[in-house]
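Every number in this text was worked out from the coordinates using simple rules, so none of it is lab data. As the structure is a computational prediction, the values presented were derived from the model and not from experiment. Counting neighbours? That spans all protein chains shown, and the Cβs are built from the backbone with ideal geometry, glycine included.
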Amino acid sequence: FTVTATNSVGTSAASAASNSVTPTSTLAAGEVYNPTTGKIWMDRNLGATQVATSSTDAASYGDLYQWGRGTDGHQIRTSATTTTRSSTDQPGNGNFILARFFDWRSPQNTNLWQGVSGINNPCPSGYRLPTETELDAERASWSSPNAAGAFASPLKLPMAGRRSFSLGSLGDVGTSGKYWSSTVSGTLSRNLSFTNSAASMYTNFRTYGYSVRCLKD
């Protein structure tokens, strides 16, 4: 089972399932349920070929998205790079856009990735990016505030690393997990980050390539 994503502005209707009352017996294939938060999630990162078998399972790492971009090819870990920033919501190419400050888009658009029908929502139909509050609630439910807790949770989050906003190179693979939320903070956006020793929410440039874990709407 491989997670696939869409590259549209998102017009799909929300699922009728309720996160707060759904027992594990009614989960669809590829879904996991956290009884502590009452949320249903996809069981793997976007682009991953399998559910994580460990925090450092390479097959579970998946793709690395720049905040607000759709599934246009840029998220592939080996995609080409460019220094030309986009003036539109869809750059029209699959290049990872290098920019030393803030964003791959100029001018910025803070309305991207907002909800299941949000512009450039990369998640499959009926799913969306989690908000900062939703992602942090998952972190708070872990048995320990670190990579071990992330993997022991229902989501089995791996340390998939990141892609540099200025060089396009991979970093922290197998030593850190970084996951985007849909929440903006000024010119930046919020993300969950964890290592073997800590876990917290942070604010970072939208040009970074981070993992995406989709939440059922």
Please enumerate the residues belonging to region 163-182 that are surrounded by fewer than 22 Cβ atoms within 10 Å (Cβ to Cβ) and on the phi < 0 side of the Ramachandran plot.
-> S164, S166, L167, S169, L170, G171, V173, T175, S176
Residues being closer than 16 Å to Y61 by Cα and basic (K, R) - total across region 165-217 | 2
Considering each of P107, P145 in turn, give the residue that is in contact with a helix residue (DSSP H, G or I) (Cβ under 8 Å, 6 or more places away or on another chain) and either crowded, with 16+ Cβ neighbours inside 10 Å or part of a loop (DSSP other than H, G, I, E, B) (or both).
-> P145
From the list G209, G177, pick out the single residue that is more than 26 Å from T36 (Cβ to Cβ) and either under 16 Å from the mean Cα position of the chain (by Cα) or of a type in the set (K, R) (or both).
-> G209
Residue selected from region 164-217 under the condition among the charged types (D, E, K, R) and assigned to a strand (DSSP E or B), by the criterion nearest to S117 (Cα to Cα) | K216
